[in-house]
1. Can you confirm whether segment 25-46 contains a residue that is open to solvent by 10 Å² or more (accessible area, probe 1.4 Å) and under 18 Å from ASP97 (Cα atoms)?
2. Going through segment 94-135 one residue at a time, which ones are over 24 Å from the mean Cα position of the chain (by Cα) and of a type in the set (A, V, I, L, M)?
3. Out of segment 48-77, which residues are more than 25 Å from THR271 (Cα to Cα), open to solvent by 50 Å² or more (accessible area, probe 1.4 Å) and not charged (D, E, K, R)?
4. State all residues of segment 325-373 that are polar (S, T, N, Q), touching a residue at least 40 places away in the same chain (Cβ under 8 Å) and open to solvent by 30 Å² or more (accessible area, probe 1.4 Å); if no residue qualifies, say none.
5. Given segment 1-109, what helices (runs of 4 or more DSSP H) lie entirely inside it while holding 2 or more residues that are more than 28 Å from LYS160 (Cβ to Cβ) and modelled with pLDDT of 85 or more?
6. Can you report the number of residues in segment 208-233 which are closer than 24 Å to ARG173 by Cα, open to solvent by 90 Å² or more (accessible area, probe 1.4 Å) and among the basic types (Lys, Arg)?
7. So is LEU150 part of a helix (DSSP H, G or I) and either open to solvent by less than 10 Å² (accessible area, probe 1.4 Å) or out of contact with any Gly (no Cβ under 6 Å at 6 or more places or on another chain) (or both) or not?
8. Just give me the residues in segment 166-207 being open to solvent by 50 Å² or more (accessible area, probe 1.4 Å), under 30 Å from LYS412 (Cβ atoms) and touching a residue at least 40 places away in the same chain (Cβ under 8 Å), in sequence order.
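The values are calculated or read from the model by the stated rules, or taken from the named source; none is laboratory data. Because the structure is a prediction, the values reported are computed rather than measured. Here Cβ is always computed from backbone atoms with ideal geometry, including for glycine, and neighbour counts include all displayed protein chains. These accessible areas exclude ligands, DNA and RNA; they are computed on the full protein's heavy atoms, side chains included. Shrake-Rupley method; radii C 1.70, N 1.55, O 1.52, S 1.80 Å.
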Amino acid sequence: MDKNILQIINEKQYDDLAVLFAHMNAVDISDILEYVEEEQAVEVFRLLDDDEKLSADVFSYLSSERQRLFVEELTDTEVVEIMEDLSVDDIVDLIEDIPDDVGTRVLESISTEKGEIVDRILDYPEDSAGSIMTTEIVELTADTTVKEALHTIRTSGVDKETIYTCYVVDDERKLIGVITADTLLYSKLSDKVENLMETNVIFATASDDREVLATNFSKYDLLAMPVVSRSGNLVGIVTVDDILRVITEEDTEDFTNIVGVSSADVPYMKTGVLGHAKNRIIWLLTLMLTAAVAGAVFSVFEDALEQMAILVAFTPMLMGTGGNAGAQASTVIIRGMALGEIVKTDMLKLVWRETRIAFACSLVLGVVNFGRIVLMHQNFTLAWVVTLCLVITLVVSNMIGCVLPILAKTLKMDPAIMAAPLITAIVDGTALVVFFMVASLAFGL
């Protein structure tokens, strides 16, 4: 944060700060409120009281922790003023992220009509399109003229989420088309909306998974998407800013799952040591117990190792190569599934493709490995055994890496759970069993 602004806040030169705020972006002001101490943050936020719109905008960009603080510390009148200018989807996000008692105060501060809409949205499943939509939209009818449509936008658009796209409905509020503001602006005032609207509408149903929604936003390059009920009635829209938040949340969750850390909504620096430990310990325990399989394999083949200790030298290479291959396969499969390029019915095609990829990779790795062992140990049998095991390990690893994410999706689990740490642990045990069994047969151990 700017040192001058920090000095002004510390010296409580609030008149100067208010002047600065009048020329600052709401996002930058929210960053300042996140940085300062809690008691100061409340005082500084009150400087925005004269501009209710700016106050609501700043509030909407705050973290859930700061929003909770302000709802608890501000007066009833101040909370009501903020909620009046806050959009429905922002109120829903706020209520979902704060304790029930604080959420109750928020609901009590909004109008009955707005409260009913918020309750309706909160009833939708957490990961559905309905849970992230807003109902503040411009609706038109097909027989509306351009002049009437522009008047509607001017009179009601200030309270809407967006005025760039307007939605055309019939008498029963069934979605029949969309029309953009620029189309209205460049058309004759006497033209009818029904002659200008686009009827091939890309829409979502309220129950659609929000990840599917995000994929369609990217696919069709949308700024907003209408949401309809099962019967086709327009119930709201999802805007691109909501989708960007969904993408960020999903990417964060996938990333943490891939590296074996439970995802957390609280920022890293605001999470305590015990909190971080809690997020990691379950995975660490699971992987530790899974990795114990490798130790059990060593115990089973203890006699073989005593007779030919050189075998131990090749186990890290086989385990590491197999684990890396499985992680590579799972990563590209998970990404393909996230982008909609891969579906569950592609499993057999994926197994066949990954098997060929594994053989192609093992051809190069096998030649290099065979030559290295012959040069270092002058043992052709050992070279063949290790190379054969390397090929088998790569094939098995790639198959596991592509099958487990799809299996997770089939079981309605996050495919990212079946990523690097878990696959590596499974592949390690498999590689060891294959290696020692082949070596035992080859050397008569």
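1. Checked against the condition, which is being open to solvent by 10 Å² or more (accessible area, probe 1.4 Å) and under 18 Å from ASP97 (Cα atoms), segment 25-46 yields at least one hit.
2. Those that are over 24 Å from the mean Cα position of the chain (by Cα) and of a type in the set (A, V, I, L, M): VAL102, VAL106, LEU107, ILE110, ILE117.
3. THR75, THR77
4. Residues satisfying the conditions are GLN328, THR331.
5. Where helices (runs of 4 or more DSSP H) fall fully within segment 1-109 and carry at least 2 residues being more than 28 Å from LYS160 (Cβ to Cβ) and modelled with pLDDT of 85 or more, they are 14-21, 26-35, 38-45, 64-73.
6. 1
7. When the stated conditions are applied, LEU150 passes them.
8. SER207
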